[in-house]
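Here's the structure we're looking at; comments come further down.
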Amino acid sequence: MSRWEPGARERLVVAAVDLFTEQGYDATTVAQIAERAGVTKSTFFRHFPDKRELLVAGQETLSQLLSEGIAEAPADASPLAMVAAGLERASTAMGPMSREIAPRLKAAVAASAELQERDALKSVSLAAAMTAALVARAVPDPTAALASELGVLAFKRGYADWSEGERDAEDQLAGHILAALDELRAASATLG
């Protein structure tokens with residue numbers, strides 16, 4: 001096992017998702033994940049404090065990208081347009097590996113209450129990051145919270161559509177997320 005082989009973090013995520021899918025989350029050990037990824041247990045712990053955290057690999061990056069996109073949206077943008085800018089920026093962090101493992105990750109989460117809980121906390125964290133960024137742009141708190149929740153829902157719907165769709169190289173995640181946000185915006189207008 002190479003101590004500093006490049007891509008260890010990504011290999012650990014893929015190995016964990018595969019093992020969670022094959023044998024279940026509870027039956028999977030850190031040692032098995034490290035072995036499958038071709039790294040040592042100490043390398044695993046340099047990247048993740050425990051196996052639960054594999055599910056939210058990249059969450060900090062997503063939160064930062066969402067906030068940056070919102071902060072850099074045009075001054076006259078509506079709250080949902082700011083959220084759209086954040087979602088578009090965050091989608092740049094999701095590449096081919098994210099798309100490849102998405103169906104297996106979805107199955108692993110569906111089979112584990114602990115992973116479902118961690119996934120829900122991830123959604124709360126992303127919404128909080130967007131809300132804080134919107135409030136920093138002088139959007140009133142209730143409006144910021146609602147726009148952020150719509151943003152999280154759009155991200156989830158768009159990501160699911162993208163990850164389950166055809167594997168066309170031209171098919172970008174941002175288009176799916178923004179389409180989902182437009183659908184949600186139209187649906188919210190009918191709530192009356």
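Observations
- Meets criteria (open to solvent by less than 90 Å² (accessible area, probe 1.4 Å) and at pLDDT below 95) for residue 169: yes
- Note on segment 37-81: among residues that are more than 19 Å from the chain's Cα centre (by Cα) and among the hydroxyl-bearing types (Ser, Thr, Tyr), the one that is least open to solvent (accessible area, probe 1.4 Å) is 43.
- Candidate set: segment 153-166, residues that are among the aromatic types (Phe, Trp, Tyr) and either open to solvent by 100 Å² or more (accessible area, probe 1.4 Å) or out of contact with any Gly (no Cβ under 9 Å at 6 or more places or on another chain) (or both); chosen: the one modelled with the highest pLDDT: 155
- Members of segment 120-140 that are within 15 Å of residue 57 (Cα to Cα), open to solvent by less than 40 Å² (accessible area, probe 1.4 Å) and among the hydrophobic types (A, V, I, L, M, F, W, C): 126
- Selection of segment 82-103 for residues being buried (at least 17 other Cβ atoms within 10 Å of the Cβ) and charged (D, E, K, R) yields 88, 89, 99.
- Yes/no for residue 85 being within 20 Å of residue 131 (Cβ to Cβ), among the hydrophobic types (A, V, I, L, M, F, W, C), touching a Gly at 6+ places or on another chain (Cβ under 6 Å) and free of Cβ contacts under 8 Å to residues at least 24 places away in the same chain: yes
The values are calculated or read from the model by the stated rules, or taken from the named source; none is laboratory data. It should be emphasised that the depicted structure is a prediction, and the values quoted were computed from it without experimental measurement. All Cβ positions, even for glycine, are placed from backbone atoms using ideal geometry, and neighbour counts span all protein chains on display. Please note that ligands, DNA and RNA were not included when accessible areas were found on the heavy atoms of the full protein model with its side chains. Shrake-Rupley method; radii C 1.70, N 1.55, O 1.52, S 1.80 Å.
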